[in-house]
Amino acid sequence: MPKIDLTKGEFTAKGKTYKAHSTLSIERFIEFEKLQVSVGFGFTFDQFFHKLKDSYEDLNKGKQADAAVKIHNMLTGIADKIDRRKHPVLMLCALFICTEEEDRKRYDEKLMEKKVNDWQEEGLEIQDFFTLAFNFVKGFIPAYQEITQSISKAAPKKKSTSGK
């Protein structure tokens with residue numbers, strides 16, 4: 001499978017040269033705001049908002065334990081869902097990765113999907129897109145590492161069956 005050379009800032013797929021940019025137009029930033037929640041937390045923006053709102057309401061009603069459980073479930077959901085989310089990662093990358101002739105001021109969902117299709121047909125490795133997406137979603141990797149470490153510390157330890 002072809003890999004993207006992340007040091008070059010560009011790659012070719014389906015005969016087109018795609019270049020990674022570090023800035024977005026207002027239209028694309030609005031879409032980025034929605035996608036970064038999905039990429040970072042495994043929820044859509046709406047789902048994340050409602051889960052957070054429910055937790056906030058529980059706190060206001062003095063139901064700290066209920067709120068804590070909901071927030072804990074959201075945090076562990078990050079680790080549980082990360083491997084199953086490919087589409088939002090690719091769509092987020094499509095906001096930043098453009099062809100030369102593309103109008104970077106506009107957001108066009110069909111164009112974003114066409115770019116993702118080019119990348120899939122080219123057979124590019126998904127890991128490179130995860131790396132790019134998580135660099136665009138600031139703070140994701142440190143938060144993910146903190147959560148996975150917290151989960152692994154809280155998990156019960158298996159007893160050794162080797163007799164040692």
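Nothing in this text is a laboratory measurement; each read-out follows from the coordinates by a stated rule. Note that the structure is predicted; figures quoted are calculated from it, not measured. With ideal geometry, Cβ positions are generated from the backbone for all residues, glycine too; neighbour counts draw on all protein chains shown.
Observations
- Ranked list, fewest to most other Cβ atoms within 10 Å of each Cβ, for M74, M112, M1: M1, M74, M112
- Ranked I26, I126, I4, criterion: other C-beta atoms within 10 Å, fewest first: I26, I126, I4
- Filter on K19/K53; K51/K105; K16/K51; K34/K153; K8/K153; K70/K153 - keep pairs with C-alpha separation over 29 Å: K19/K53; K51/K105; K16/K51; K34/K153; K8/K153
- By the beta-carbon count within 10 Å of each Cβ, the least crowded to most crowded order of S22, S55, fewest first, is S22, S55.
- Projected label points at T12 and E109, each 7 Å from Cα along the beta carbon direction, are separated by 3.3 nanometres.
- Were the residues from E125 through K34 laid out at 0.36 nm apart, the gain over their Cα-Cα distance would be 30.3 nm.
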